[in-house]
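Single-structure report; data block below.
The values are calculated or read from the model by the stated rules, or taken from the named source; none is laboratory data. It should be emphasised that the depicted structure is a prediction, and the values quoted were computed from it without experimental measurement. Don't worry about glycine lacking a Cβ; one is built from the backbone with ideal geometry, like all the others, and counts go over all protein chains shown. SASA here: full protein model, heavy atoms, side chains in, ligands and nucleic acids out. Shrake-Rupley method; radii C 1.70, N 1.55, O 1.52, S 1.80 Å.
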Amino acid sequence: QVQLVESGGGLVQAGGSLRLSCAASGRTFSSYVMGWFRQASGKEREFVAAITWSGARPFYADSVKGRFTISRDNAKNTMWLQMNSLKPEDTAVYYCAADPDLVFTWDDYDYWGQGTQVTVSS
């Protein structure tokens with residue numbers, strides 16, 4: 001089992017940047033694919049990005065490609081999401097998630113953090 005804690009959310013103006021962190025504890029961090037999801041008010045949770053066990057391969061939703069960067073450091077048991085050129089439509093609660101397998105839908109992930117709010121003002 002792995003425990004996940006997100007941090008780094010906040011309020012930012014459109015065009016600004018934020019860096020989210022996800023700290024993991026418990027079982028070996030490198031055993032998990034890590035993902036970021038977001039859920040805007042009244043909408044379903046959606047995939048944002050994922051990164052493979054070693055960090056060699058990132059994957060992104062089309063809506064964030066070129067603006068967001070996912071990374072991880074297995075020695076620090078930490079994953080990040082660097083978000084640049086933020087738009088009001090990026091406003092959501094952002095969740096980090098972990099799964100032993102390479103999956104991309106939210107209901108396939110076994111472990112979740114509590115979420116962190118990101119609000120982008122226009």
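Computed values, structure above
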| read-out | value |
| --- | --- |
| Reachable aspartates and glutamates from LYS87, criterion Cα separation under 19 angstrom, eight or more residues apart if same chain | GLU44, GLU46, ASP62 |
| Local net charge near LEU86, Cβ-Cβ under 15 Å (Lys/Arg +1, Asp/Glu -1) | +3 |
| For q = 0.09, 0.18, 0.20 Å⁻¹, Debye-computed log10 I/I(0) when each Cα of the range 1-113 counts as one equal scatterer | -0.20, -0.83, -1.03 |
| Charge dipole (debye, nearest 20) of the chain; +1 at Cβ of Lys and Arg, -1 at Cβ of Asp and Glu | 400 debye |
| Hull volume in cubic angstrom per residue (convex hull over the Cα atoms of the range 57-115) | 109 Å³ |
| Per residue, in Å², the accessible surface of the chain once ligands and nucleic acids are set aside, probe 1.4 Å | 50 Å² |
